[in-house]
Structure formats: C-alpha cells, structure tokens
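Below is one structure, written out as structure tokens, with a few remarks after it.
Values quoted throughout were computed directly from the atomic coordinates according to the rules given, and no laboratory measurement underlies them. The shown structure was predicted, so the numbers you read here are calculated from the model rather than taken from an experiment. Cβ sites come from the backbone with ideal geometry, for glycine too, and all protein chains shown count toward neighbours.
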Amino acid sequence: MKDQEIINLGKSIFGLCFLLGSICLFGFIITRFNEFAFGGYVLLGFGTVINVLIVFGLLIYGAINTRQLNVCLKAVGIIAINIPIAILYAIIGINLL
C-alpha cells in the first residue's frame with residue numbers, strides 16, 4: 001500500500017468511530033432514548049475489538065514491510081486518539097444514566 005492509503009485508513013477508522021460515538025452520546029443527551037445509550041456501549045465493545053485488530057494488522061504490516069513502519073505507526077497514533085475520547089464519552093454516559 002502507498003503511504004497516503006495507510007494514513008487515510010487510520011483517519012477513516014478514527015473518523016468513523018468518533019462519528020458513531022458522538023451520534024450515540026449526543027443522541028442520548030438530546031432525546032433520552034435508551035437505545036442511544038445501549039448503542040454507545042455496544043459500539044464501545046465492538047469498536048474496541050475492531051480498532052485493536054486494525055492496529056495489530058498495521059503493526060504486522062509495518063514489521064513485514066519495514067519501509068512502511070513509520071507510516072503505519074502514524075496511522076496507529078491517529079487511531080489511538082479515540083482512546084481518551086471513548087473513555088470520556090463512557091464516563092459522561094455512565095453519569096447521565
């Protein structure tokens with residue numbers, strides 16, 4: 001893969017998880033429908049698994065193709081930005097319930 005494709009993968013995964021989490025959190029805050037809260041917690045579980053698999057995949061790819069290792073680490077760093085955001089959203093969601 002090209003450098004830009006790897007970075008775009010990291011940005012896409014970050015953006016998708018961030019967008020879905022924000023929809024769940026703010027949907028619950030605005031409407032108070034419990035489905036949004038349930039969806040947020042399901043997203044937290046599935047999102048964690050999917051993000052970990054993608055991170056491991058990028059790290060393995062970077063280890064095999066050492067020229068791409070720095071780009072893969074940048075993509076992993078972009079994906080890792082979701083961790084503190086997910087923790088913050090989970091704390092807010094727990095306090096609202």
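Return a yes/no flag: does region 72-84 have any residue that is assigned to a helix (DSSP H, G or I) and more than 19 Å from the chain's Cα centre (by Cα). No, region 72-84 has no match at all.
Tell me which residues, restricted to region 1-21, are touching a residue at least 40 places away in the same chain (Cβ under 8 Å) and under 18 Å from L88 (Cβ atoms). Across region 1-21, the qualifying residues are F14, C17, F18, G21. Among the residues of region 15-57, those that are more than 14 Å from the chain's Cα centre (by Cα) and either within 17 Å of I79 (Cβ to Cβ) or of a type in the set (D, E, K, R) (or both) comprise R32, E35, G57.
Scanning region 25-39 for residues that are without any contact (Cβ under 8 Å) to a residue 60 or more places away in the chain and either in a helix (DSSP H, G or I) or of a type in the set (K, R) (or both) yields a total of 10.
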